[in-house]
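Structure, as structure tokens:
The values are calculated or read from the model by the stated rules, or taken from the named source; none is laboratory data. Bear in mind the structure is a predicted one, so any value in this text is a computation, not a measurement. No Cβ is skipped: glycine too gets one built from the backbone with ideal geometry, and neighbour counts run over all protein chains shown. Areas reflect the complete protein model, heavy atoms only, side chains present, ligands, DNA and RNA absent. Shrake-Rupley method; radii C 1.70, N 1.55, O 1.52, S 1.80 Å.
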Amino acid sequence: MQREIKSLKTRNHNLTEENNNLKSYISIILEAIKRFFRKILIFGNDKSKNDTTSEIMEYYDNKDFNSDDVYDISRGTDKEDELFDYANIPNYMKSNKNTYIEKEKDDYDFSR
């Protein structure tokens, strides 16, 4: 009985360690996916941005991403408004990308 208990404790310890390693590995993969999604939202064409937005929403629905992740991925991109609304991120956290664009336009006088 003692040998069986010791064997089960060892197995439990090994499984716990393996589980922690797998969780860490999944976390690393999710971080890479977040960086990849962000790059697509910044540099991609309209179709890839739309597809990526749908994927982000799916990851959010599956609880693989939380609202902080959605914020980090989409801030300052064309899909910021849509994803912020989807993840219930407050409006005050939105970037002022339109303000910056308007300021850049106002810095130049094209009337000459």
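Remark: pairs (first residue in the range 78-94, closer than 16 Å to residue 51 by Cα; second residue polar (S, T, N, Q) and buried (at least 16 other Cβ atoms within 10 Å of the Cβ); Cβ separation under 7 Å; 6+ apart in sequence or on different chains) = 79/53; 80/74; 82/53; 83/53; 83/74. Is it true that some residue in the range 74-81 is part of a helix (DSSP H, G or I), at pLDDT 95 or above and more than 17 Å from residue 96 (Cα to Cα)? Within the range 74-81, none of the residues are part of a helix (DSSP H, G or I), at pLDDT 95 or above and more than 17 Å from residue 96 (Cα to Cα). Considering the range 53-81, and only residues there that are more than 22 Å from residue 91 (Cβ to Cβ) and either among the hydroxyl-bearing types (Ser, Thr, Tyr) or touching a helix residue (DSSP H, G or I) at 6+ places or on another chain (Cβ under 8 Å) (or both), the residue that is least open to solvent (accessible area, probe 1.4 Å) turns out to be 59.
Residues in the range 95-108: is at least one surrounded by fewer than 17 Cβ atoms within 10 Å (Cβ to Cβ), at pLDDT 95 or above, out of contact with any Gly (no Cβ under 9 Å at 6 or more places or on another chain) and charged (D, E, K, R)? Among the residues of the range 95-108, not one is surrounded by fewer than 17 Cβ atoms within 10 Å (Cβ to Cβ), at pLDDT 95 or above, out of contact with any Gly (no Cβ under 9 Å at 6 or more places or on another chain) and charged (D, E, K, R), which makes the answer no.
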